[in-house]
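Nothing in this text is a laboratory measurement; each read-out follows from the coordinates by a stated rule. Quick caveat, the model's predicted, so the values are computed rather than measured. Note: ideal-geometry Cβ built from the backbone for every residue, glycine included; neighbour counts use all protein chains shown.
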Amino acid sequence: MRPYDALISEALDADVTGWGFGWLDGRATEERPPWRFVSLLSHRLAAADSALDLDTGGGEVLAEALAGADTRGETTPATLVATETWVPNAALARERLAPWGARVVTPDDGALPVDDASFSLVTARHPVAPAWSEIHRVLRPGGAYLAQHVGPASAFELIEQFLGPQPEARTGRDPNVEAEQARAAGLDVVDLRTARCRMELYDVGAVVWLLRKCVWWVPDFSVDRYGDVLEELDARMRAGARDGGPTTTPFLAHSTRHLVEARRNA
């Protein structure tokens, strides 16, 4: 493993825009949920005439799903809209989704800037906070919401290294609570599945890059502020090789995810 300062500098210089995680190749791994969301999304998009993707980031996931439909020779929605609140990501999404004629819009105060009952499909991968009443409003009767949400206490082994115990925050994003909120908004929840997935981080640069990208994990993160924690993590990761082992010791955490499908029946 390269020196601590070199790993930190590299992670600070790396681009963190968009929702691609390719920079972590060889530096971190994460298991994927068993339902294969991108493939599932691709098939649903091929069957929809109009679709709205929420919190699309740089459009990476949506573009991958649409490309899958293209590869199979299937049609994609004639009307395609995506939302993204962060300006750099929205610019990436407009460029990436242009081949499918997508329109990228920015919500205002949580309200979706689209007409009532205008989509047969609303999708999301890791939405910030599902606005269930808005999702119900923009779906046509018979339309579906299909999404993969971040679950409770996701990556908290890492987050609590920096912030200490977070007992109240650990209870957020409960899939059963979200399902009840969807029902309260008038949606019928037809599928709800959960998964806990292993994450391994192999060097301290991967930690810094992740915390720069997922800024809500440790909101006040900076290398200067948390230098002591980073140095401790670096030492722990190097311990396996230092003790004569063949490799470094990865930092282990777990992501949690849930698949939600809901329908508007009226």
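Numbers at a glance
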{"read-out": "Semi-axis lengths, Å, region 142-205, gyration tensor of Cα atoms, sqrt of 5 times eigenvalues", "value": "30, 15, 8"}
{"read-out": "Cα gyration tensor shape for region 8-92, rounded if a/c is under 1.5, else prolate or oblate", "value": "oblate"}
{"read-out": "Ellipsoid equivalent to region 46-192 - semi-axes via the Cα gyration tensor, in Å", "value": "27, 20, 15"}
{"read-out": "Quotient of C-alpha Rg and 2.2 N^0.38 Å, computed over region 68-133", "value": "1.19"}
{"read-out": "Long-range amide H partners of Ala117 with built H, under 5 Å", "value": "Val138, Leu139"}
{"read-out": "Sequence-distant residues sharing a close amide H with Asp53 (under 5 Å, placed H)", "value": "Val81, Ala82, Thr83, Thr123"}
{"read-out": "Positive-end residue, region 167-266 charge dipole about Cα centroid, Cβ charges, pick of Pro219, His254, Ala206", "value": "His254"}
{"read-out": "GluC sites (Glu not before Pro) lying in DSSP loop within region 34-113, provided at most 14 other Cβ fall within 10 Å", "value": "Glu74"}
{"read-out": "Anisotropy class of region 119-247 from Cα gyration tensor, a/c 1.5 cut", "value": "prolate"}
{"read-out": "Region 177-245 - Kirkwood radius from inverse mean 1/r over Cα pairs (Å)", "value": "15.6 Å"}
